[in-house]
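Every number in this text was worked out from the coordinates using simple rules, so none of it is lab data. Computed from a prediction, not measured in an experiment: that's the story for all the values here. As a convention, Cβ positions derive from the backbone with ideal geometry for all residues, glycine included, and neighbour counts pool all protein chains shown.
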Amino acid sequence: MKNNRGVITLICGGIIIGVTIIFYLLTFDHIFTLPMRWLSLLFLLVVEVMGTVKVLKFGESILGAAHITLSAIHLAVVLILSILFVNIGPVFIKQYILINLLMIAIVAIIDVWLLYFDTRAKKSNQDYMDSSLSIKKSLHKAQEIMVKYENSEYASELNRLMEGLEYSNRSRLNGTEDEILSGLEELMTLLESSEEAIIKQKINEVQNLIELRSRQMKKSGSF
């Protein structure tokens, strides 16, 4: 599916570039004898190529729409400038080149910032997905234990474990998740065979891990 999207993007970009070249060749006679005409075509093609590359690279990213919108605005401005300079100010070649180079630089800087925030957003989303999956595993294990031992003398403590996991911060991993899951698995085994003192000790250990994780997440500023 991704490959098909890339092929379609390349075809559309190629068509736009081809139409632009044909339009200039049919509209202007002796296009390469007048610098402003071929320079305006050159900058239009550069912007169209940039736009095509950005659609390929950022089309499915979180801020992909912002990259594409920026390219569309850039293309529109370059097109307007081309019309104005070709028809009204064909002698102002240096000014035209400087304006276009400045716009390319500005667009490039904005794209870099968008890429930075896009990367951060992707990382944040991935962190949340990893943390959420890890907490869900522990929560499912706690629910499994609760269902099996809901009528036991440990029901209230087990319910507290389950609630602690259910409302846990899932913004990112902090390193205690595997210990919590391992503790719950050990607790399941102990409930089947061990004495009360050992079971309560393990419940307290798991509860302390859950509370420790909660404090660490608050301290680090994760919400």
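Within 10 Å, at most 12 other Cβ atoms, and a DSSP state outside H, G, I, E, B define an exposed site. Report the longest part of the chain free of exposed GluC sites (Glu not before Pro). Can you show the working numbers first?
Working: sites that count: E60, E150, E153, E195.
No qualifying site falls inside 61-149, the longest such stretch.
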Self-check item: Residue-averaged [θ]222 nm for the chain, counting only DSSP H segments that reach four residues, each worth -39500 (n - 2.57)
Solution: -29000 deg cm²/dmol
Quiz item: Contour minus end-to-end for V112 and L98, with contour as 0.36 nm per residue of separation and end-to-end as the Cα-Cα distance?
Solution: 2.9 nm
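Where does the charge balance sit around K219 when Lys and Arg score +1, Asp and Glu -1, over other residues with C-beta under 14 Å from its C-beta?
Details: positive: R172, R213, R215, K218; negative: E211.
Once positives and negatives cancel, what remains is +3.
Subtracting the Cα-Cα distance from 0.36 nm times the residue separation, let me have the gained length for K123 to E179 in nm, one decimal.
Details: separation 56, 0.36 × 56 = 20.16 nm, distance 2.36 nm.
Extra length from K123 to E179 when fully extended: 17.8 nm.
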Quiz prompt | the chain - percent relative contact order, Cα under 8 Å, separation 6 or more | solution = 15 percent
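By the scheme Lys and Arg +1, Asp and Glu -1, what is the net charge of all other residues having a beta-carbon under 15 Å from that of P90?
Details: positive: R37, K94; negative: D29.
For residues surrounding P90, the net value is +1.
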Practice problem: Determine, from the Cβ-Cβ distance of S152 and S214 and an R0 of 35 Å, the FRET efficiency 1/(1 + (r/R0)^6), rounded to the nearest 0.05. | Solution: 0.85
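For the chain, list the DSSP H helices whose alpha carbon atoms reach 18 Å or more along the long axis and whose average Kyte-Doolittle value is -0.5 or above? Each step should come with its number before you reach the end.
Values: long enough: 2-27 (37 Å, 1.39); 35-58 (34 Å, 1.38); 64-87 (35 Å, 1.96); 93-148 (81 Å, 0.28); 177-193 (25 Å, 0.10); 196-219 (34 Å, -0.83).
For the chain, where a helix must reach 18 Å along its axis and average at least -0.5, the hits are 2-27, 35-58, 64-87, 93-148, 177-193.
Beyond a 25 Å Cα-Cα separation, which of these cross-linked pairs lie in this structure: K136/K218; K54/K94; K136/K200; K122/K219; K137/K218?
K54/K94
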